[in-house]
Amino acid sequence: QGHTIATMLAELSEYAVYAADAGALERLLQSLEADQDIAYVAVLDDQGRLITARRYGDATMPPAPATELHSGATESSVRNVKRRRYLELVTPIAEAKSGLAPALTGSPAAADAPIGYVRLGLNYERNQAQVRDNIIGPLAVVMAVTLIAILATLLFTRRLVAPIRDMVDAAKAVGAGDLGVRVAPR
């Protein structure tokens, strides 16, 4: 989920980063307020300098990672800030394949060089709770179905075995000399 959101934000913010349109970036980040899983979002330029950032709820944005930003795939890490944990995803904002940047700036862009980065922080505890709920729910259903299957098996086994048990008891009685034994048909 986080990877999808980070990738979407990187794609949607590309034009605003090229055009240095902070207002468009602010509107984009403001549109994420309804998502309770998102704790913070920051948009950085190609040098890792902050362009704009937004916190949601009572989240605290951790300082930028000291590690070098890479132009490859999305990187994730768990960040601890003020006794809270966040799952942070850093996604490069790549140049569109259509060549939009050279048309805007008048100069060719470096191949494969990102024009910026999106830092997306997700509430770790909330995501962990969702994972637990997604595991516990199906496990509860499986346990209930298994219990019902066991009870049904025991019930059907008793109903099938009971007449055979009556026949065995009657055969033992006849073998012992009691010829007056009757077994009711079921």
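The values are calculated or read from the model by the stated rules, or taken from the named source; none is laboratory data. Being a predicted model, the structure only gives us computed values, none of them experimental. Cβ coordinates were reconstructed from backbone atoms using ideal geometry, including for glycine residues, and neighbour counts include every protein chain displayed. These accessible areas exclude ligands, DNA and RNA; they are computed on the full protein's heavy atoms, side chains included. Shrake-Rupley method; radii C 1.70, N 1.55, O 1.52, S 1.80 Å.
Miscellaneous remarks
- Breaking point among (1) farther than 19 Å from Leu122 by Cβ; (2) in contact with a Ser or Thr (Cβ under 8 Å, 6 or more places away or on another chain); (3) surrounded by 17 or more Cβ atoms within 10 Å (Cβ to Cβ), for Ala22: (3)
- Counting only residues that are β-branched (Val, Ile, Thr) and over 15 Å from Thr74 (Cα atoms), the range 1-53 holds 4 of them.
- Residue within the range 120-129 that is assigned to a helix (DSSP H, G or I), closer than 30 Å to Glu33 by Cα and touching an Asp or Glu at 6+ places or on another chain (Cβ under 8 Å) present: yes
- Of all residue pairs spaced 6 or more apart or on separate chains, those with beta-carbon atoms under 7 Å, a first member in the range 25-50 that is without any contact (Cβ under 8 Å) to a residue 24 or more places away in the chain and a second member that is of a type in the set (S, T, N, Q) and buried (at least 22 other Cβ atoms within 10 Å of the Cβ) are Leu28/Ser13.
- Screening the range 1-18 for residues that are of a type outside the set (S, T, N, Q) and open to solvent by 50 Å² or more (accessible area, probe 1.4 Å) and picking the one that is modelled with the lowest pLDDT gives His3.
- Criterion violated by Asp45 - all others in (1) open to solvent by 20 Å² or more (accessible area, probe 1.4 Å); (2) closer than 24 Å to Tyr124 by Cα satisfied: (2)
- Those strands (runs of 3 or more DSSP E) of the range 44-119 in which 2 or more residues are at pLDDT below 80 occupy 75-81.
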